[in-house]
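Each remark here refers to the structure printed beneath this line.
The values are calculated or read from the model by the stated rules, or taken from the named source; none is laboratory data. Just so you know, these numbers come straight off a predicted model, no measurement behind them. Cβ: placed from backbone, ideal geometry, glycine included. Neighbour counts: every protein chain shown.
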Amino acid sequence: MLKTKLFSERLKEMREEKNLSVKELGESCGTSGATISRYETGVHEPKSNMVKKLAEFFNVNPAWLMGANIDRNESMNTDEDIAYIKVAMDAKKANISPEKLAALIELLSKE
């Protein structure tokens, strides 16, 4: 699941590490500084394609950026990580708890 608070904190952390303004980051990723600011304050959540752009820009794992408990530099399988992001975002929209999602994954892995 997208952990909004973690995503917001990690995005801001990465931006500040690169000494970028929200406007500069937005321009680099094809969006506005206002949008980046909304992500950092948790007002808006990015779509999966924006998460991918941000992760590629900062050279971090997109799953880490979204709040996963992994090393930020863990090797990325972009297709797999983006699939994780999409599933997590869809589960959140459907109000599926992390526990229920984990149980479903466990069930499907047994097949």
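Data table
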{"quantity": "Qualifying positions in segment 18-45 - in contact (Cβ under 8 Å) with a residue 24 or more places away in the chain and at negative phi", "calculated": "18, 25, 28, 29, 36, 39, 40, 41, 45"}
{"quantity": "Members of segment 91-105 that are in a helix (DSSP H, G or I) and either surrounded by 13 or more Cβ atoms within 10 Å (Cβ to Cβ) or touching a Cys at 6+ places or on another chain (Cβ under 9 Å) (or both)", "calculated": "91, 92, 101, 104"}
{"quantity": "In segment 61-79, the residues that are surrounded by fewer than 19 Cβ atoms within 10 Å (Cβ to Cβ) and within 14 Å of residue 13 (Cβ to Cβ)", "calculated": "67, 72, 73"}
{"quantity": "Hey, residue 53 over 16 Å from residue 5 (Cα atoms), out of contact with any Leu (no Cβ under 7 Å at 6 or more places or on another chain), modelled with pLDDT of 85 or more and surrounded by 12 or more Cβ atoms within 10 Å (Cβ to Cβ) or not", "calculated": "yes"}
{"quantity": "Segments classed as helices (runs of 4 or more DSSP H), wholly inside segment 1-46, with at least 1 members that are hydroxyl-bearing (Ser, Thr, Tyr) and crowded, with 17+ Cβ neighbours inside 10 Å", "calculated": "4-17, 33-41"}
